[in-house]
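To keep things clear, I will list the structure first and then write my remarks on it.
Readers should treat all values here as calculations from the given coordinates under stated rules, not as data from a laboratory. Everything numeric here is computed off the predicted structure, so don't read it as measured data. Please note: Cβ atoms are built from the backbone with ideal geometry, for glycine as well, and neighbour counts cover all protein chains shown.
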């Protein structure tokens with residue numbers, strides 16, 4: 001934003017047809033000697049990275065647009081609280097008294113009612129929190145005085161994106177426990193836990209508030225709306241206070257089918273028939289009946305929820321359900 005001293009300087013130089021550079025630190029105040037802020041002039045900062053900046057990252061092209069269809073010339077001042085400026089263009093220059101600020105070198109003609117000033121902004125080499133940008137733009141009629149000139153201000157910010165250190169999926173009693181760790185949390189509204197069955201279409205299944213600390217934070221959420229035998233994809237959506245968001249990497253997990261759901265009944269058999277529950281989710285099952293010495297006396301491919309036992313002497317037996325040689329369920333039964 002342009003200071004009062006700047007505007008006095010601007011008014012003086014406008015009258016002589018020389019719209020020169022403003023004094024230091026002029027982007028944080030308004031152009032009060034040109035009246036109050038006027039909505040007829042718009043000032044827009046373009047190019048600020050929506051997903052936050054990367055410390056030590058590459059230079060980013062930034063634009064500052066001053067627009068007013070009723071004026072002919074424009075000037076500006078734009079400052080950042082961190083990083084550095086380079087490659088100024090379109091009449092912009094770096095303020096030697098304050099390297100975090102750039103401004104117009106001379107008054108610049110507006111084309112089609114607007115003027116775009118350009119520069120590259122390089123993020124700071126180390127994490128520096130949220131970087132704030134402040135700007136002021138003045139649109140003038142070039143009549144040699146300040147009368148009829150209009151100005152306005154704008155601002156913006158670029159946050160340091162949260163670092164997702166890890167994301168782990170842990171099967172837990174038929175559910176999925178989602179654990180993730182972060183650091184560099186700033187201005188985060190919350191985290192959304194998202195699940196998908198195909199890795200493409202995600203739905204939000206829960207949310208958690210962020211700690212908003214720069215040190216490591218650990219979070220845990222348990223999804224109990226899952227089914228054994230299915231594959232699921234999970235990711236974390238970070239939403240900041242400006243409703244901008246980033247995603248964690250996506251991870252998947254396939255839940256094994258637990259044999260705990262299988263049962264064999266009755267345990268006292270009177271009509272040579274055994275029934276089974278919980279086997280519908282399994283394939284390639286076999287039924288094996290063994291005596292107390294472990295001798296196999298009956299073996300069948302199991303493709304229904306019941307089986308008729310061959311005639312056996314009265315006594316105690318073990319009824320077993322196997323898959324690929326692995327015993328999923330073994331129940332002691334008494335055949336009358």
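Quick notes on this one:
- In this calculation the C-beta distance from residue 93 to residue 244 is compared with R0 = 30 Å, giving a FRET efficiency of 0.45.
- Listed candidates (i) 39.1, 126; (ii) 23.1, 76; (iii) 35.8, 119 - label of the one calculated as Rg and Dmax of the Cα atoms in Å: (iii)
- Computed label-point distance, nm, for sites residue 179 and residue 40 using a 7 Å Cα→Cβ extension: 6.4 nm
- Calculated FRET efficiency, residue 213 to residue 259, Cβ-Cβ distance, R0 = 41 Å: about 0.40 to the nearest 0.05.
- Pairwise centroid distance, computed over Cα atoms, of the stretch 211-256 with the stretch 147-180, Å: 13 Å
- Prolate/oblate/rounded label for the stretch 259-335 (Cα gyration tensor, a/c 1.5): prolate
- Its relative contact order, with pairs defined as Cα atoms under 8 Å and 6+ residues apart, puts the stretch 163-254 at 32 percent.
- Rounded to the nearest 0.05, the FRET efficiency derived from the C-beta distance between residue 308 and residue 220 at R0 = 45 Å is 0.35.
- Here the extension length gained between residue 204 and residue 318 equals 36.4 nm, from 0.36 nm per residue of separation less the Cα-Cα distance.
- Dividing the summed helix terms, -39500 (n - 2.57) for each DSSP H run of n ≥ 4, by the number of residues in the chain produces a 222 nm estimate of -1000 deg cm²/dmol to the nearest 500.
- Across the chain, Cα pairs under 8 Å and at least six residues apart give a relative contact order of 13 percent.
- Between residue 163 and residue 277, full extension at 0.36 nm per residue minus the direct alpha carbon distance yields a gain of 36.4 nm.
- The stretch 259-335: relative contact order as a whole-number percent, Cα under 8 Å and 6+ apart: 35 percent
- Acute angle (nearest 10 degrees) that the helix 4-15 long axis makes with the longest principal axis of the chain, alpha-carbon atoms: 50 degrees
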